[in-house]
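J.: There's a structure below that I have some questions on.
The values are calculated or read from the model by the stated rules, or taken from the named source; none is laboratory data. Just so we're clear, the structure is a prediction, and the values are computed from it rather than from any experiment. Reconstructed Cβ throughout: ideal geometry from the backbone, glycine too, with neighbour counts over all protein chains shown. Surface areas here come from the heavy atoms of the whole protein model, side chains and all, with no ligands, DNA or RNA. Shrake-Rupley method; radii C 1.70, N 1.55, O 1.52, S 1.80 Å.
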Amino acid sequence: MSEKVYIFDTTLRDGEQVPGCQLNTVEKIHVAKSLEALGVDVIEAGFPISSPGDFQSVVEISKAVTEPVVCALSRAVEKDIETAAQALRHAKRGRIHTGIGTSDSHIRFKFNSNREEILERAVKAVKFARRFTDDVEFYAEDAGRTDNGYLARVVEAVIKAGATVVNIPDTTGYCLPAEYGAKIRFLMDNVDCIDRAVISTHCHNDLGMATANTMAGLLNGARQCEVTMNGIGERAGNTALEEIVMILRSHKDIDLETGIDSRRIYPISRMVSNLMNMPVQANKAIVGRNAFAHSSGIHQDGVLKNASTYEIIDPQDVGVDSNSIVLTARSGHAALKFRLESLGVHLDKEQLDTVYAAFLKLADSKKELTDDDILMLVGQQRSGNRRIKVEWLQATSGVGIKPTASIGLEVDGRKVEAAATGNGPVDASVNALRKIVGEDTNINEFTIQGVSRGTDDCCKVHMQVENQGRFYYGFGTSTDIVTASIDAYVDCLNKCSEKDEHSV
Ligand code: KIV
Ligand code: ZN
């Protein structure tokens, strides 16, 4: 029988640390329940000491899921550990994940300390965490750049202190696969009581090696891997859950297996991408739009003769359903509800009615609606009550004329209008808007992305603005590029004036 690899999902903690990807508690519960259905073994639900919102999310996720272990992050600080334990009090099976930096760089520059003192703090933290639960995971932050001999001493000491899982993060994504694999092997061979704990990988993707490093870790004895959906996470992200799961499924020569129901991968990938406003790159392995699209004639010919010629994974195995119902303006509530539910979105009647109304409007300007389109509509309904609303917008552009825009807003219930010119219709619209709301925000980031294909496509606009030294992220979608851009800007401005939880 194959040995089990535990899937530790940190989409809601490490993944959620990405600026602009923050979810509210209801959204986090939704993701957590989907991860439970996917079959993950551990859900890292948050870092409770970091904010009241994170604390509450860990509390609610602990109540909402029963199968996976719910894990809360803490530093090697008593107050953090106590707070994590408090947040986990409703969990059927709760885990405290505590740890400290062990590389010389962290010891010297972060803690102004020395190796012996850090080792002592690590042991103390684990012993303290064990007062609250039998399931304690220790992380040796920046283990990727930690001297192997010292790392082995730390790992041995924390296992003797009661750690049941030891996480060896390549925090900076620096290691080469052979180097990371050798590190795990070194620990397996040189730590006395290594069989009393599960060794875990946690690899970041700064040099594009997260998945390769995780695999190297598993091949050398690690039996838990820390991953996120779509590989989202700080900077270049974490190891992608879907990649590890499908590597282990595809390579029968590797005698390791996970408990993941792979057919749920694609719908959950799309849901996370939409909730977090984090696009999945088209050529992303397993879940990218082009992951199973064969475009060259030779490949198409081969696939039609026998899919195995160019396909190592059956798209249906990851839930890519090429026969999915096509939704059009003639589709009814039931078809929309069915499609949303197969994508993991469950709406009550009132929410479905609202999304259906938006669906009909979009279907008027677009022949066929894709999964991404309808998930986007669900996302739009999450905007809630806003101080600034766009009432109307008109922009003209073309050859030989100066792009001009006029806009009507409702600001705190008051109707206001303005007009301006610019170097294009988006610029003109933003200039008109700024005449009303002022100029004290700088747009730092502005990206436009088509949702599927074609000139009738919906586009998504992501924007980051800076206001008084703080950054706000906004999002807009529409079949009209100018409308999507202004919606994204207004989203930023509303967040700015609310100073809401989306700011970082
Ligand atoms: O990357 C890292 O080192 C982490 C730890 C906090 C586990 O995320
Ligand atoms: Zn990390």
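J.: Classify the chain from the C-alpha gyration tensor, please: rounded if a/c falls under 1.5, else prolate or oblate depending on whether a/b exceeds b/c.
T.: prolate
J.: Next up: Tilt of helix 25-38 relative to the longest C-alpha principal axis of the chain, in degrees (0 to 90, nearest 10)?
T.: Compared with the principal axis, the helix lies near 60 degrees.
J.: Moving to a separate point now. Less than 11 Å Cβ to Cβ from THR172, Lys/Arg counted +1 and Asp/Glu -1: what total charge do the surrounding residues give?
T.: Counting the neighbours of THR172, the net charge comes to -3.
J.: Divide by every residue of the chain the summed helix terms, -39500 (n - 2.57) for each DSSP H run of at least 4, and state the resulting mean residue ellipticity at 222 nm, rounded to the nearest 500 deg cm²/dmol.
T.: Taken over the chain, the calculation gives -12000 deg cm²/dmol.
J.: Any chance you could check the Cα centroid distance between segment 74-133 and segment 33-57 for me, in angstrom?
T.: If we compute the Cα centre of each part, the gap is 18 Å.
J.: Still on this structure: Using 0.36 nm times the number of residues separating ALA329 and ASN148, minus their current alpha carbon distance, what extension gain do you get?
T.: The ALA329-ASN148 span can extend by a further 59.0 nm.
J.: Now for a separate question. Could you tell me the accessible area of LYS110 in Å² (1.4 Å probe, neighbours in place), rounded to the nearest ten?
T.: The value for LYS110 is about 110 Å².
J.: Relative to a virtual label point 7 Å from the Cα of VAL77 in the Cα→beta-carbon direction, which members of segment 39-61 show backbone nitrogen distances below 12 Å?
T.: 48-51, by backbone N distance to the label point.
J.: Mind checking segment 418-471 for trypsin sites (Lys or Arg not before Pro) that DSSP puts in a loop (not H, G, I, E or B) and that have at most 15 other Cβ atoms within 10 Å? Present the calculation step by step, with values, prior to reporting the outcome.
T.: Numbers: sites: ARG434, LYS435, ARG453, LYS460, ARG470; in loops: ARG453.
Here the sparse-neighbourhood loop sites are ARG453.
J.: Determine how large the accessible area of CYS203 is when every protein chain is in place; take a 1.4 Å probe and give Å² rounded to the nearest 10.
T.: Rounded to the nearest 10, that gives 0 Å².
J.: At a probe radius of 1.4 Å, what is the per-residue accessible area of ASP104, in Å² to the nearest 10?
T.: 80 Å²
J.: For segment 324-382, what is the relative contact order in percent, using Cα pairs closer than 8 Å and at least 6 residues apart in sequence?
T.: 45 percent
J.: On average, how much accessible surface per residue is there in the chain, in Å², for a 1.4 Å probe, leaving out ligands, DNA and RNA?
T.: 44 Å²
J.: Right, another one. Quick one: dipole size for the chain, taken about the Cα centre, charges +1 on Lys/Arg Cβ and -1 on Asp/Glu Cβ, in debye to the nearest 20.
T.: 620 debye
J.: Looking at segment 396-498, which GluC sites (Glu not before Pro) are in a loop (DSSP not H, G, I, E or B) and have at most 11 other Cβ atoms within 10 Å?
T.: Taking segment 396-498 and a limit of 11 other Cβ atoms within 10 Å, the loop GluC sites (Glu not before Pro) found are GLU439.
J.: Continuing with this model, one more query. With both bridge residues required to lie in the chain, what share of the DSSP beta bridges run antiparallel, to the nearest 5%?
T.: Of the beta bridges lying entirely in the chain, close to 50 percent run antiparallel.
J.: Points 7 angstrom from Cα along the Cβ direction at LYS127 and VAL26: gap in nanometres?
T.: My value for the distance between the label points is 4.7 nm.
J.: Moving to a separate point now. From a point 7 Å beyond the Cα of LYS110 in the direction of its Cβ, which residues of segment 21-52 have a backbone N at a distance under 17 Å?
T.: 47-50
J.: By how many nm would the segment from GLN449 to ASN306 lengthen if fully extended, with 0.36 nm per residue of separation less the alpha-carbon distance?
T.: Difference between extended and current length: 48.1 nm.
J.: I've got another one for you. Assuming R0 = 22 Å, can you tell me the calculated FRET efficiency for the pair SER365 and SER406, based on Cβ-Cβ distance, to the nearest 0.05?
T.: Working from the Cβ atoms, E equals 0.50.
J.: Also: Counting Lys +1, Arg +1, Asp -1, Glu -1, what net charge surrounds SER74 among other residues with beta carbon under 10 Å of its beta carbon? Display every interim value, and only then the final one.
T.: On the way: positive: ARG75, LYS79; negative: GLU78, ASP80, GLU82.
Neighbourhood net charge equals -1.
J.: Rounded, prolate or oblate: pick one for segment 388-498, where a ≥ b ≥ c are the square roots of the eigenvalues of its C-alpha gyration tensor, a/c under 1.5 means rounded, and failing that, prolate if a/b is larger than b/c, else oblate.
T.: oblate
J.: So, counting K/R as plus one and D/E as minus one, what does the shell of residues with Cβ under 13 Å around VAL390 add up to?
T.: -2
J.: How would segment 324-382 be classified by its alpha-carbon gyration tensor: rounded, prolate or oblate, with rounded meaning a/c under 1.5 and the a/b versus b/c comparison settling the rest?
T.: Judged from the Cα gyration tensor, segment 324-382 comes out rounded (a/c under 1.5).
J.: Now, a different point. Compute the helix-to-body angle for 371-380: its Cα long axis versus the longest principal axis of the chain, expressed 0 to 90° and rounded to tens.
T.: Between the helix axis and the principal axis of the chain, the angle is about 80 degrees.
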